[in-house]
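*Asks:* One structure follows; several queries about it will come next.
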Amino acid sequence: MRTNKRPRRDPIRFAVIGQGHFAQTSILPAFANARGCELRALFSDDASKLRALRKQYDVEYALPYDQLSAFLETGAVDAVYVAVTNDLHAEFTEAAAGFGVHVLCEKPIAASSAQAERMIAACQRGGAKLMIAYRLHFEEANLQAMGIIRAGKLGEPRFLSTVFSQQVTPGNTRTQAEHAGGPLRDVGIYCINAARYLFRDEPTEVVAFGASKRNDPRFREIDEQVSALLRFPGDRLAQLTCSFGAYGRSEYQVVGTKGTLRLCPAFNMRDLTLEVEIGGKTSRKTFRRSDQVAPELEEFADCIRQDRDPEPSGREGLADMRVIEAIENAAKSGRRVEVARVFPERRPTPGQARRRGPHGRVATVNVQPPSQQRSS
């Protein structure tokens with residue numbers, strides 16, 4: 001194991017592994033807004049992407065995946081951002097952890113909870129920090145909604161309803177079972193995570209259904225849409241629907257004994273509007289579009305410099321994975337399924353909010369957006 005400590009004032013040097021649409025449109029440009037973070041290396045097996053992106057971002061190293069281990073051994077970077085398909089998260093995380101290199105990994109944490117547990121263990125053995133890229137844990141609107149509920153302004157929260165839908169692009173890797181795709185893992189995870197951080201607890205059991213238009217070639221390997229009902233302690237209920245074959249929508253509503261709040265859109269990188277109704281009086285606040293990736297880069301860099309554990313942690317990712325697996329089992333069996341509950345070390349708080357101004361549109365190389373339609 002290689003020690004990987006940096007002086008407190010030095011930037012944290014990152015390699016980004018995977019150059020898909022999200023990496024190119026959101027992760028790479030975020031480094032210009034992320035204080036104390038340096039984009040040092042790019043990894044991809046697409047040589048044309050490497051050539052163009054290396055020039056576009058003036059990056060020192062641009063290498064294929066098979067050179068990752070040799071590169072990490074040099075100590076040229078302190079951390080990696082894993083942004084490949086879901087089925088490869090564990091492989092690249094374990095590789096980095098073996099060299100003591102810290103890991104910021106896209107969600108879902110892995111293709112299975114067993115893989116997630118291996119990732120957590122590998123980072124512990126290697127002395128590497130593991131953070132899962134839940135960007136909304138640093139986003140103002142979601143954190144304010146959380147704060148309103150925690151302060152008891154809605155009374156006792158009783159139920160939550162949330163949706164996230166889009167028209168997925170044909171042929172996108174998210175439609176392929178071999179890459180652990182599907183709407184539940186790609187967009188449904190936002191709904192699950194929101195229910196967990198708004199109720200500040202773990203669900204105990206689920207019932208679920210999957211449904212598809214079988215004549216649509218996009219859904220030969222995955223469900224078009226999934227709906228689930230989650231029971232939380234205190235007889236609270238959370239209902240979610242996620243879809244790859246419906247008009248773009250992103251929102252949640254929490255209803256308590258004294259009031260209600262609604263965030264719409266809730267999960268997108270655009271203006272988000274929070275509406276709160278208490279005692280017949282309604283207030284609205286719009287949170288302007290921001291760079292949602294730069295804050296998580298900054299927070300992870302601070303965790304490395306200050307030697308503290310990240311939130312969201314690997315256990316946060318594992319908790320979501322356990323819920324996803326319970327939903328999948330319930331939809332397949334047609335039965336109620338208990339959740340093998342995992343509790344994270346801590347949950348997000350309003351004090352984590354960080355705002356960075358939005359970056360402009362950027363040129364992309366050999367990628368298509370996951371959806372041709374903008375969600376509302």
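The values are calculated or read from the model by the stated rules, or taken from the named source; none is laboratory data. Worth saying up front: this structure is predicted, and the values here are computed from it rather than measured. All Cβ positions, even for glycine, are placed from backbone atoms using ideal geometry, and neighbour counts span all protein chains on display. The protein model used for the area step is the full one, side chains on, heavy atoms only, and it has no ligands, DNA or RNA in it. Shrake-Rupley method; radii C 1.70, N 1.55, O 1.52, S 1.80 Å.
*Asks:* Give me a count of the residues in segment 280-309 that are touching a strand residue (DSSP E or B) at 6+ places or on another chain (Cβ under 7 Å), among the small types (Gly, Ala, Ser) and more than 16 Å from residue 130 (Cα to Cα).
*Replies:* Qualifying residue count, segment 280-309: 1.
*Asks:* Out of the residues in segment 178-204 meeting the condition of being surrounded by fewer than 18 Cβ atoms within 10 Å (Cβ to Cβ) and in a loop (DSSP other than H, G, I, E, B), tell me which one is farthest from the chain's Cα centre (by Cα).
*Replies:* So, considering only residues that are surrounded by fewer than 18 Cβ atoms within 10 Å (Cβ to Cβ) and in a loop (DSSP other than H, G, I, E, B), the one farthest from the chain's Cα centre (by Cα) is 204.
*Asks:* Looking at segment 22-35, can you tell me whether even one residue there is aliphatic (A, V, I, L, M), open to solvent by 40 Å² or more (accessible area, probe 1.4 Å) and either within 23 Å of residue 360 (Cβ to Cβ) or part of a strand (DSSP E or B) (or both)?
*Replies:* Taking every residue of segment 22-35 in turn, at least one turns out to be aliphatic (A, V, I, L, M), open to solvent by 40 Å² or more (accessible area, probe 1.4 Å) and either within 23 Å of residue 360 (Cβ to Cβ) or part of a strand (DSSP E or B) (or both).
*Asks:* With acidic (Asp, Glu) and either farther than 23 Å from residue 241 by Cα or surrounded by fewer than 19 Cβ atoms within 10 Å (Cβ to Cβ) (or both) as the only criterion, which of 338, 316, 328 stands out?
*Replies:* Exactly one of 338, 316, 328 is acidic (Asp, Glu) and either farther than 23 Å from residue 241 by Cα or surrounded by fewer than 19 Cβ atoms within 10 Å (Cβ to Cβ) (or both), namely 338.
*Asks:* Let me ask something additional. With the requirement that a residue be in contact with a strand residue (DSSP E or B) (Cβ under 8 Å, 6 or more places away or on another chain), in a loop (DSSP other than H, G, I, E, B) and modelled with pLDDT of 95 or more, what does segment 205-234 give you?
*Replies:* Hits for segment 205-234 are 212, 216, 223, 224.
*Asks:* Could you please let me know if residue 262 is buried (at least 16 other Cβ atoms within 10 Å of the Cβ), without any contact (Cβ under 8 Å) to a residue 40 or more places away in the chain and in a strand (DSSP E or B)?
*Replies:* yes
*Asks:* Assess whether residue 145 counts as being hydrophobic (A, V, I, L, M, F, W, C), within 21 Å of residue 296 (Cβ to Cβ) and either open to solvent by 10 Å² or more (accessible area, probe 1.4 Å) or more than 17 Å from the chain's Cα centre (by Cα) (or both).
*Replies:* yes
*Asks:* With modelled with pLDDT of 95 or more and surrounded by fewer than 19 Cβ atoms within 10 Å (Cβ to Cβ) as the only criterion, which of 55, 49 stands out?
*Replies:* 55
*Asks:* Shifting gears a bit: Take segment 216-230 and flag every residue that is under 15 Å from residue 325 (Cα atoms) and open to solvent by 40 Å² or more (accessible area, probe 1.4 Å).
*Replies:* Answer for segment 216-230, where residues must be under 15 Å from residue 325 (Cα atoms) and open to solvent by 40 Å² or more (accessible area, probe 1.4 Å): 223, 227, 229.
*Asks:* Part of a loop (DSSP other than H, G, I, E, B) and crowded, with 21+ Cβ neighbours inside 10 Å: which single residue out of 296, 311 fits that description?
*Replies:* 311
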